[in-house]
Amino acid sequence: MASEQKSKGPEKKTNNFVGKDEAAAITPSSPYYLGSFDNPGTPLVAVMLKGDNYRNWARSMRTALRAKKKLGFIDESIKKSTSTSPNYQHWERADSMVVAWIINSTDPILHGSISHAMTAKDIWLDLIEHYAQANAPRIHQLWRNLCLMQQETNVSVTKYYTKFKSIIDELRELQPLPECTCGAAKNLAQREEKHRVHLFLGGLDNDRFAHAKGIILNTDPLPSLRRVFNHVL
């Protein structure tokens, strides 16, 4: 029994020898953490960047990187460690993994323009410069599509709502509301929701939903878009 206690002593001392900064860098909650399934040769998303699909690809990449706690490597919320920092090697390793994920999620034809970037942030900014379209033309087209959208006779409410909602979601991404908790922001969000409800009702087939439209429009306060959809479903 005494010999067992003696053998356990050095092990405990060795485990406590790891520095606090280094230990924090490799825990699963750390942005520097890389699990056994994190492979640089595997594309992180199913969507492959080909150039003209940049917006959808970028959305998928941001979602995947957020799930991996690596979004900060491209949006600068995770700052590059200095070479003298105890976390520098952890930062460099994690950043290199993000670089590999981005490169392996792009068409090989595009590799020549991004493979020489030094960091994940550099690659991300380079891709934005090359492939992100100006927002104004896209926003104009989306609003035009939304205002002209009409439910055809052979189209179900679900299909009409799905198409309508996809345009709304893209507009929200391109025209985000101010990030504040003030009353003005809340009022703006409520006004935009009412605007969406009116557009949705305006496009519904009037022959089939005139009665339902009347009931909804006479409701005070006006219900949300989701509740309106459930009502006419």
For this session: Identify, by number, the condition in (1) under 23 Å from the mean Cα position of the chain (by Cα); (2) not in a helix (DSSP H, G or I) that residue 86 doesn't meet.
Result: (1)
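Looking only at residues in region 133-149 that are over 30 Å from residue 73 (Cα atoms) and either among the hydrophobic types (A, V, I, L, M, F, W, C) or at pLDDT 95 or above (or both), which one is surrounded by the most Cβ atoms within 10 Å (Cβ to Cβ)?
If we take residues in region 133-149 being over 30 Å from residue 73 (Cα atoms) and either among the hydrophobic types (A, V, I, L, M, F, W, C) or at pLDDT 95 or above (or both), then 146 is surrounded by the most Cβ atoms within 10 Å (Cβ to Cβ).
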For this session: Select, from 141, 151, the only residue that is more than 22 Å from the chain's Cα centre (by Cα), under 30 Å from residue 232 (Cα atoms) and assigned to a loop (DSSP other than H, G, I, E, B).
Result: 151
For this session: Return yes or no: is residue 199 assigned to a helix (DSSP H, G or I), in contact with a helix residue (DSSP H, G or I) (Cβ under 7 Å, 6 or more places away or on another chain), touching a residue at least 40 places away in the same chain (Cβ under 8 Å) and surrounded by 13 or more Cβ atoms within 10 Å (Cβ to Cβ)?
Result: yes
Exercise. Residues of region 180-207 being of a type in the set (A, V, I, L, M) and over 16 Å from residue 147 (Cβ atoms), which ones?
Worked result: 184, 185, 188, 189
Exercise. Looking only at region 157-185, which residues are more than 15 Å from residue 226 (Cβ to Cβ) and either over 23 Å from the mean Cα position of the chain (by Cα) or in contact (Cβ under 8 Å) with a residue 12 or more places away in the chain (or both)?
Worked result: 159, 163, 167, 170, 171, 173, 174, 175, 177, 182, 183, 184
For this session: State all residues of region 181-191 that are over 23 Å from residue 135 (Cα atoms) and either assigned to a loop (DSSP other than H, G, I, E, B) or modelled with pLDDT under 80 (or both); if no residue qualifies, say none.
Result: 181, 182, 183
For this session: With the checklist (1) on the phi < 0 side of the Ramachandran plot; (2) surrounded by 15 or more Cβ atoms within 10 Å (Cβ to Cβ) in hand, flag the one item residue 69 doesn't pass.
Result: (1)
For this session: Report, by residue number, each residue of region 217-233 that is farther than 25 Å from residue 144 by Cβ and among the β-branched types (Val, Ile, Thr).
Result: 219
Exercise. Does residue 155 satisfy being surrounded by 12 or more Cβ atoms within 10 Å (Cβ to Cβ), under 27 Å from residue 56 (Cα atoms), in contact with a helix residue (DSSP H, G or I) (Cβ under 6 Å, 6 or more places away or on another chain) and not polar (S, T, N, Q)?
Worked result: no
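Specify the residue that is surrounded by the fewest Cβ atoms within 10 Å (Cβ to Cβ); the eligible residues are those in region 95-132 that are among the charged types (D, E, K, R) and assigned to a helix (DSSP H, G or I).
To start, the set of residues in region 95-132 that are among the charged types (D, E, K, R) comprises 95, 107, 121-122, 126, 129.
Remaining after also requiring assigned to a helix (DSSP H, G or I): 95, 121-122, 126, 129.
On the way: 95: 22, 121: 19, 122: 14, 126: 14, 129: 9.
Step by step, filter region 95-132, then rank; the result is 129.
The values are calculated or read from the model by the stated rules, or taken from the named source; none is laboratory data. None of the values given here were measured: they were computed from a predicted structure. Note that we place each Cβ from the backbone using ideal geometry, even for glycine, and neighbour counts take in every protein chain shown.
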